[in-house]
Amino acid sequence: MQEAVELLVKRAQKGDSTALEELLFAYEKRVYNTAYRYMGNEADAYDMAQEALIKIYKRIKAFKGDSSFSSWIYRITVNTCLDGLRKHKKNVVSLEASIESGASYRDTSNASPEESMLQLELAGDIQKAINTLSVDHKSVVILRDINGLSYEEVAACLSVSVGTVKSRISRARQRLKEILINY
């Protein structure tokens, strides 16, 4: 898979629009999901995801390959979302938006209606708790625990050391534990 991505990147950097389209299509869902976790509602997440994808489109030739392509994409997405939050001075995420949109950390398609509702409530509680974290802690939780990036990939996305990532993850998880114990 990684070799296929590298080949598509090289083709896209040489001006192959089909390769670039394939790359953007392959990553658009991840970009949106990351944006949603930062922005907290569908409209803002869609705007930030579109903005990030446009930046990726315009900057594909600047990708040097120092990190994985997915890390580069996450970095652009995270920075775009942080810029968006600063621009709009929007630090609070709507819990109602998460629940109404059906945002969940688990697939509820095979669950009973009661289990589905409980899972949605839990997802809402988790999202609410994540939103109380500092930007640094929120970033590592979203990238590591929700998106599943390795410590090295998170470090590359955030331009910090792996030790810093591990420290932030530890503190963020401890804070989340303290918050969620009340639920």
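Scanning segment 123-135 for residues being buried (at least 16 other Cβ atoms within 10 Å of the Cβ) and out of contact with any Phe, Trp or Tyr (no Cβ under 6 Å at 6 or more places or on another chain) gives a total of 8. Scanning segment 108-119 turns up no residue that is under 22 Å from Arg86 (Cβ atoms) and surrounded by 14 or more Cβ atoms within 10 Å (Cβ to Cβ). Would a scan of segment 9-18 turn up a residue that is modelled with pLDDT of 90 or more, more than 23 Å from the chain's Cα centre (by Cα), of a type outside the set (Phe, Trp, Tyr) and surrounded by 17 or more Cβ atoms within 10 Å (Cβ to Cβ)? Scanning segment 9-18, I find at least one residue that is modelled with pLDDT of 90 or more, more than 23 Å from the chain's Cα centre (by Cα), of a type outside the set (Phe, Trp, Tyr) and surrounded by 17 or more Cβ atoms within 10 Å (Cβ to Cβ), so the answer is yes. Number of residues in segment 38-52 that are touching a helix residue (DSSP H, G or I) at 6+ places or on another chain (Cβ under 6 Å) and either without any contact (Cβ under 8 Å) to a residue 40 or more places away in the chain or surrounded by fewer than 23 Cβ atoms within 10 Å (Cβ to Cβ) (or both): the value is 6.
Leu149 - would you say it is buried (at least 21 other Cβ atoms within 10 Å of the Cβ) and more than 20 Å from Leu85 (Cα to Cα)? Criteria met by Leu149. Here the condition is being free of Cβ contacts under 8 Å to residues at least 12 places away in the same chain, under 28 Å from Tyr27 (Cβ atoms) and of a type in the set (Gly, Ala, Ser); of Ser150, Ser112, it holds for Ser150 alone.
Scanning segment 152-183 for residues that are over 15 Å from Ser71 (Cα atoms) and either in contact with a Gly (Cβ under 7 Å, 6 or more places away or on another chain) or crowded, with 21+ Cβ neighbours inside 10 Å (or both) turns up Arg168, Ala172. Cβ separations smaller than 8 Å between residues 6+ apart or across chains give the following pairs from segment 133-144 residues that are in contact (Cβ under 8 Å) with a residue 24 or more places away in the chain to residues that are buried (at least 19 other Cβ atoms within 10 Å of the Cβ) and assigned to a loop (DSSP other than H, G, I, E, B): Val141/Leu133; Leu143/Leu149. The set of residues in segment 139-157 being part of a helix (DSSP H, G or I), of a type outside the set (Val, Ile, Thr) and in contact with a Phe, Trp or Tyr (Cβ under 9 Å, 6 or more places away or on another chain) consists of Ser139, Leu143, Arg144, Glu153, Ala156, Cys157. Arg30 meets each of the listed conditions (1) farther than 15 Å from Ser71 by Cα; (2) within 11 Å of the chain's Cα centre (by Cα); (3) basic (Lys, Arg) apart from (1).
Yes/no matrix, rows are residues, columns are (1) modelled with pLDDT of 90 or more; (2) in a helix (DSSP H, G or I):
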residue	(1), (2)
Ala111	no, no
His137	yes, yes
Gly163	yes, yes
Arg168	yes, yes
Arg171	yes, yes
Leu176	no, yes
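The values are calculated or read from the model by the stated rules, or taken from the named source; none is laboratory data. Note that the coordinates shown come from a computational prediction; the quantities given were computed from them, not determined experimentally. With ideal geometry, Cβ positions are generated from the backbone for all residues, glycine too; neighbour counts draw on all protein chains shown.
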